[in-house]
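These notes concern the structure reproduced below.
The values are calculated or read from the model by the stated rules, or taken from the named source; none is laboratory data. Small disclaimer: the values here were computed from a predicted structure and weren't measured. Because the Cβ atoms are built from the backbone with ideal geometry, glycine has one as well, and the counts that use them run over all protein chains shown. For the accessible areas, the whole protein counts, side chains as well, though only heavy atoms, and no ligand, DNA or RNA atoms are used. Shrake-Rupley method; radii C 1.70, N 1.55, O 1.52, S 1.80 Å.
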Amino acid sequence: MKKLAIVGAGAAGVFCAAALKKSQNLDVRIYEASGKPLQKLLLTGGGRCNFTNLNVDKNIPREFYPRGASAIRKSLLRFGARAAIEFFEKLGVKSKVESGGRVFPASDKAEDVAEALTAAALRNGAVFELGSRVKSISKVGDKFELACGRFNGDDFSSSADAVMVCVGGNWNGSLRKSLEAFGHSFESAAPSLFSMKLDASETSDWRDLSGISVPCAKLSACLANGKFSAEGALLLTHFGIGGPSVLKLSSFGARAFAAENYAFELSINFAPNLRAGMDAAFAVARLVSPKKSVLNIPMFNIPKALWAYLCGVSGIEENCTMANFPLSKQKVLIGNIVNFKAKVSGKSSHKEEFVTCGGLKLDQIDFSTMQSRLVPNLYFAGECLDIDGITGGFNLQAAWTGAKVAAENIEKTLIF
């Protein structure tokens, strides 16, 4: 009988066990340091589990994978969003599609996804070794030796014919060192998918805007390590900004922002869909509503409170009417609408996402099998690789895809 050791009972690890065909010729053990599998998955999507996105099958990967897009491209063609939906439907998890192509279980319960995967893995004969941390992996002849430790402090070892590493984004020090001994190397980790703190939030005027959402805004940052921009909904918060556009920007600029210690200037365009015609809109407002206060005539789909704030920082008095609105002030206001300068002063964790960039370097993996190019029968999948996506189900899809490709190759090499 052949033995497969899966290190980590997260999304990729459990999916791999669930995707493998049941065989009396294969012993599968899943080693998990915590006392429960799929704990992180249970928290994704606010507990609803946004498990994939239809755009995976429609658009090119670089639009939603800041790192690893070219490496994972062909694998996504083999097992993409529709394939993932069908896989879960066969496990009894029906799905629904929401805005932006996001796919959720119809029940809105992450537990349904976790329970279906766990049950499938158990049906396939997998054994969960919970409370067991893999400290290191070594090779003795053609076998792998895993040095492990339990919750109670007891150490034990286990052998395997193949090992699949799915430890997430935070590498255990001794485990990492054992893989480096094989010749593997790592990209440094950095947070991704985070909200941003702004200096402007130190004022009560900004804090009063907390909870206001702008349907579409464009954020831009020009740093020494590159230029980054993102467009989408923007949420104003008591500490700064959040929402889809900010999360996307933080993902694509993760390493550059970390290098700046999360202190840099950001440009916000609150009306990116209006390329021209703002002066004409003000001219019409002057004719139609000459006696109205400029502060009380919000334009360009900008929420009223935010409009008043932008008027304030543009030096427009509360009693300034459209009739006596100076063109010089109009120019300043338009400038703040399309190019509001904000100083980022830190990051804030996004409550629904726990993603880092960084991990095992991708040139050391054969993505047609998810096998190490340096060590035969050593596989990797999930967030432990230097692959990460924007919010919206893309990170879980990368985990499913890598795990499925690995499972197919493991079946070929160990079972048949």
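Along the stretch 282-296 the Karplus relation, 6.51 cos²θ - 1.76 cosθ + 1.60 evaluated at θ = phi - 60°, assigns HN-Hα couplings of 5, 4, 5, 4, 5, 6, 7, 10, x, 8, 7, 5, 4, 5, 9 Hz to successive residues, with x for each Gly and Pro. Dipole magnitude for the stretch 1-88: computed about the Cα centre from +1 point charges on Lys and Arg Cβ and -1 point charges on Asp and Glu Cβ, it is near 180 debye. Name the most mobile residue of P376, P244, P326, meaning the one with the largest mean-square fluctuation, in a Gaussian network model of the chain with Cα contacts below 10 Å. Top of the fluctuation ranking is P326. For the chain, the solvent-accessible area works out to 44 Å² per residue, with a probe of 1.4 Å and every protein chain left in place. For the chain, a Gaussian network of Cα nodes joined below 10 Å ranks G253, G312, G13 by mean-square fluctuation, and the top entry is G312.
Separation of the alpha carbons by more than 28 angstrom is noted, of K3/K36; K36/K177; K40/K412; K40/K218, for K40/K412; K40/K218. For a straight C-alpha distance cut-off of 15 angstrom, the aspartates and glutamates reachable from K292 (same-chain residues fewer than eight places away being disregarded) are E317, E318. I need the calculated FRET efficiency for the pair Q39 and S267, taking r as the beta carbon distance and R₀ as 60 Å, to the nearest 0.05. Calculated transfer efficiency: 0.95.
The order of E129, E318 by accessible area, most exposed first and with a 1.4 Å probe, is E318, E129. Note on the stretch 264-416: with charges restricted to the Cβ of Lys and Arg (+1) and Asp and Glu (-1), its dipole about the Cα centre is near 880 debye.
Our summary of shape: the Cα atoms of the stretch 1-79 have principal axis extents of 42, 30, 20 Å, ordered from largest down, in whole angstrom.
I need the calculated FRET efficiency for the pair S204 and S157, taking r as the beta carbon distance and R₀ as 56 Å, to the nearest 0.05.
Values: r = 61 Å, r/R0 = 1.08.
Result of the calculation: an efficiency of 0.40.
Using the Cβ-Cβ distance between D108 and K227 with R0 = 56 Å, the FRET efficiency computed as 1/(1 + (r/R0)^6) comes to roughly 0.90.
Just the protein heavy atoms count here, and of the accessible area of the chain at 1.4 Å, carbon and sulfur take up 50 percent. Measure nothing fancy, just the Cα-based angle from helix 69-78's long axis to the longest principal axis of the chain, in degrees from 0 to 90, nearest 10. For helix 69-78, the angle is close to 60 degrees.
Of all aspartates and glutamates in the structure, the ones whose alpha carbon falls short of 13 Å from that of K96, not counting any fewer than 8 places away in one chain, are E86, D108.
For the set D386, D112, solvent exposure ranked by accessible area (probe 1.4 Å, protein chains only) runs largest to smallest as D112, D386.
Let me check I've understood the local charge: for A9, count other residues with C-beta under 12 angstrom from its C-beta, Lys and Arg +1, Asp and Glu -1. What total comes out?
Working: positive: R29, K36, K40, R133; negative: E32, E129.
Neighbour charge sum, excluding A9 itself: +2.
Normalised by the number of residues in the stretch 104-149, the mean separation of alpha-carbon contacts (under 8 Å, six or more apart) gives a relative contact order of 24 percent. Ellipsoid semi-axes for the chain, based on the Cα gyration tensor and the rule √(5λ), read 50, 21, 17 Å when sorted largest first.
Between T44, T391, T321, the GNM of the chain built on Cα springs shorter than 10 angstrom shows T321 fluctuating the most.
For every other residue with a beta carbon closer than 9 angstrom to the beta carbon of D386, add +1 if it is Lys or Arg and -1 if Asp or Glu, then tell me the sum. Value of the local net charge: 0.
Beyond 25 Å between alpha-carbons counts as too far, so tell me which of K227/K404; K90/K404; K21/K361 fall in that bin.
Among K227/K404; K90/K404; K21/K361, the Cα-Cα distance tops 25 Å for K227/K404; K21/K361.
Projecting the Cα positions of F79, L130, G92 onto the charge dipole of the stretch 71-135 (unit charges on Cβ atoms of Lys, Arg, Asp and Glu, taken about the Cα centre) puts F79 furthest along the positive direction.
Which whole-number percentage describes the relative contact order of the chain, with Cα contacts under 8 Å and a sequence gap of 6 or more? Don't skip to the end; give the middle numbers.
Working: 888 pairs, mean separation 97.6, N = 416.
The value is 23 percent.
Within the full protein context, the accessible area of D279 is estimated at about 100 Å² for a probe radius of 1.4 Å. Seen from I60, the other residues with C-beta closer than 15 Å to its C-beta sum to a net charge of +3, counting Lys and Arg as +1 and Asp and Glu as -1.
Rounded to the nearest 20, the size of the Cβ-charge dipole of the stretch 168-265 about its Cα centre is 360 debye, with Lys and Arg at +1 and Asp and Glu at -1.
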